[in-house]
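Read the structure below first, then the notes.
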Amino acid sequence: MKQASLLDDIMAMDVIDTHTHLVGDHLCAEDFWKIADYFWLNRELQTAGYPADAEKLPEQERMEAFLRAYQGSRNTLMNIAFTTILNDLYGIELTNLASIREADERIQARRQEAGWAQSVADRLHVRRFAVNHPDHAAFVGMKDHALLFPRIDGWLPKLVQEVFQAESREEALEQAKAHIREQLRGYHEAGCPGIMTTLSNYEAAAHEAYAISSDTASDEILFMLLHDICAELESLGMFLQLFLGVERRWGSTAAAPVNDSLRVVRLYGLFERYSIPFELVTAAELSNLDVVQAAWNFPNVHVGGMWWYNFRASTYTQSMQHRLEALAPIKSSLIVSDARCIEWTYGKIHVVKRLLAGFLDDQTAKGWIDREGALYCASEWLYGSAAQRYGLSQREGM
């Protein structure tokens, strides 16, 4: 007899969403367009002819253009997630202009309901969300506020440039180090368990011993400051979440995933020297194996969720295969929704849970893992790994 699918069990599992753009006092979508204009869905709609400046069209023309592009891109993953949002949360099947208007009315009505955001989170058992801005962390109407991992790429590149452009680089470097200590100690005092930063392209490497001089390159200064950041985090007992693989140097507007084969190994000197937990999140497909290899090599390195261009079924499945073969489940987290409203956390996490169930069903059918092991793996990837790294109890937030 064929064994039942893992889907129902996985749909009922707790989740930590490790990276969102949710704003605590504006969690819910205000209208249809706040869901429909999500960046990732919009990009896929454009492949079906949706205008890039559709918001400038008269309302009916905009709806007609949206409906055509929606129907023409039903195969894409964000379209599937969007369809799930409308079906599951609002009972809407998008077929004509009247259905768009009906969806808009229901979305506007739901957001007025007390507890709507919490009810959306509860449907998929999302227990905690992470944000990166202090003024976003107070989640109005939710059981728990967001986890706050302050984002330092607002000030880290500025420090690098200040040192690089200074007449006295030695003095500027000391000022930069003092700024780092002040900022990180402030975050620690505020109760933040760790910090987050993106890192764009760099040629320097953490295992090299750089010294400040008139010839020191800006990348080398960056790595000198990263060493100071890691040393201070170590003294404070905090972690570092690194978002890698997106670069913006190839055009005026579009960002691109760049599969730099040395991106992760250039960071090995940090992983080796500092005992802090590192969580690696990548947007570049070929880096998925690189971060797994780093987590295999270093006990303090963990693999984070799938970000930007990695949010596709094919890359999820491949990355899950890498993780399953190489790492204990406690070393990996799977969920990065990147959502800007609570409804998109539902759509994207629903997709991930479906993909996870399908992947683990396949592994159990082939005999690589038993059902108990598959469920344990899923629970760690969705919740347990992040809960341990972030200092949460296994049942906190329930």
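The values are calculated or read from the model by the stated rules, or taken from the named source; none is laboratory data. Just so you know, these numbers come straight off a predicted model, no measurement behind them. Cβ: placed from backbone, ideal geometry, glycine included. Neighbour counts: every protein chain shown. Protein only, heavy atoms only, side chains kept; ligands, DNA and RNA dropped before computing areas. Shrake-Rupley method; radii C 1.70, N 1.55, O 1.52, S 1.80 Å.
Residues in region 245-259 that are within 17 Å of residue 288 (Cβ to Cβ), in a loop (DSSP other than H, G, I, E, B) and open to solvent by 50 Å² or more (accessible area, probe 1.4 Å): 259 only.
Across region 193-224, which residue is nearest to residue 169 (Cα to Cα) among those that are in a helix (DSSP H, G or I) and of a type in the set (D, E, K, R)? Among them, the one singled out is 220.
Residues in region 147-159 that are surrounded by fewer than 20 Cβ atoms within 10 Å (Cβ to Cβ) and not in a loop (DSSP other than H, G, I, E, B): 151, 157, 158. Of all the listed residues (114, 121, 138), the sole one being open to solvent by less than 20 Å² (accessible area, probe 1.4 Å) and either in a helix (DSSP H, G or I) or not acidic (Asp, Glu) (or both) is 121. Taken over region 217-259, residues that are modelled with pLDDT of 95 or more, farther than 25 Å from residue 148 by Cα and touching a Leu at 6+ places or on another chain (Cβ under 9 Å) amount to 2. Filtered by the rule that a residue be out of contact with any Phe, Trp or Tyr (no Cβ under 9 Å at 6 or more places or on another chain) and open to solvent by 50 Å² or more (accessible area, probe 1.4 Å), region 179-199 gives 181, 182, 185, 188, 189, 190, 191. Restricting the first member to region 97-120 and to residues that are charged (D, E, K, R), and the second to residues that are open to solvent by 10 Å² or more (accessible area, probe 1.4 Å) and assigned to a helix (DSSP H, G or I), the beta-carbon pairs closer than 6 Å and six or more apart or on different chains are 110/116. Are any residues in region 260-276 surrounded by 15 or more Cβ atoms within 10 Å (Cβ to Cβ) and at pLDDT 95 or above, and if so, which ones? Once the filter is applied, which keeps residues that are surrounded by 15 or more Cβ atoms within 10 Å (Cβ to Cβ) and at pLDDT 95 or above, region 260-276 yields 263, 264, 265, 266, 267, 268, 269, 270, 271, 274, 276. Going by the conditions given, is residue 335 touching a Cys at 6+ places or on another chain (Cβ under 6 Å) and under 30 Å from residue 36 (Cβ atoms)? It is false that residue 335 is touching a Cys at 6+ places or on another chain (Cβ under 6 Å) and under 30 Å from residue 36 (Cβ atoms).
The residues of region 32-49 that are among the polar types (S, T, N, Q) and either touching a helix residue (DSSP H, G or I) at 6+ places or on another chain (Cβ under 8 Å) or part of a helix (DSSP H, G or I) (or both), listed by number, are 42, 46. Among residues of region 172-192 that are within 22 Å of residue 131 (Cβ to Cβ), those with a Cβ under 8 angstrom from a residue that is part of a loop (DSSP other than H, G, I, E, B) and among the aromatic types (Phe, Trp, Tyr), sequence gap 6+ or separate chain, pair up as 183/155; 192/149. Being touching a Lys or Arg at 6+ places or on another chain (Cβ under 7 Å) and open to solvent by less than 60 Å² (accessible area, probe 1.4 Å) is a condition met by at least one residue of region 65-78.
Rundown of residues vs (1) under 24 Å from residue 140 (Cβ atoms); (2) part of a helix (DSSP H, G or I); (3) out of contact with any strand residue (DSSP E or B) (no Cβ under 9 Å at 6 or more places or on another chain), yes/no style:
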{"position": "10", "(1), (2), (3)": "no, yes, yes"}
{"position": "63", "(1), (2), (3)": "no, yes, yes"}
{"position": "74", "(1), (2), (3)": "no, no, yes"}
{"position": "93", "(1), (2), (3)": "no, no, yes"}
{"position": "108", "(1), (2), (3)": "yes, yes, yes"}
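Per the conditions (1) in contact (Cβ under 8 Å) with a residue 24 or more places away in the chain; (2) of a type in the set (A, V, I, L, M, F, W, C); (3) assigned to a loop (DSSP other than H, G, I, E, B), the sole criterion not satisfied by residue 52 is (1). For region 225-239, the set of residues classified as in a helix (DSSP H, G or I) and more than 22 Å from the chain's Cα centre (by Cα) consists of 225, 227, 228, 231, 232, 234, 235, 236, listed by residue number.
Pairing each residue of region 201-228 that is of a type in the set (S, T, N, Q) with any residue that is at pLDDT 95 or above and surrounded by 14 or more Cβ atoms within 10 Å (Cβ to Cβ), provided the two are 6+ apart or on different chains, yields C-beta distances under 6 Å for 218/160; 218/164.
Of the set (1) open to solvent by less than 10 Å² (accessible area, probe 1.4 Å); (2) touching a Lys or Arg at 6+ places or on another chain (Cβ under 7 Å); (3) hydroxyl-bearing (Ser, Thr, Tyr), all apply to residue 364 but (1).
Residues that are open to solvent by less than 30 Å² (accessible area, probe 1.4 Å) and either among the basic types (Lys, Arg) or closer than 24 Å to residue 115 by Cβ (or both) within region 37-59 comprise just one, 38. Restricting the first member to region 280-302 and to residues that are charged (D, E, K, R), and the second to residues that are in a strand (DSSP E or B) and open to solvent by 20 Å² or more (accessible area, probe 1.4 Å), the beta-carbon pairs closer than 7 Å and six or more apart or on different chains are 285/257. Here are 378, 313, 339, 326: which of them is closer than 22 Å to residue 81 by Cβ, surrounded by fewer than 19 Cβ atoms within 10 Å (Cβ to Cβ) and aliphatic (A, V, I, L, M)? None of the other options fit; the residue is 313.
Restricting attention to region 20-36, the residues that are of a type outside the set (S, T, N, Q) and buried (at least 23 other Cβ atoms within 10 Å of the Cβ) add up to 6.
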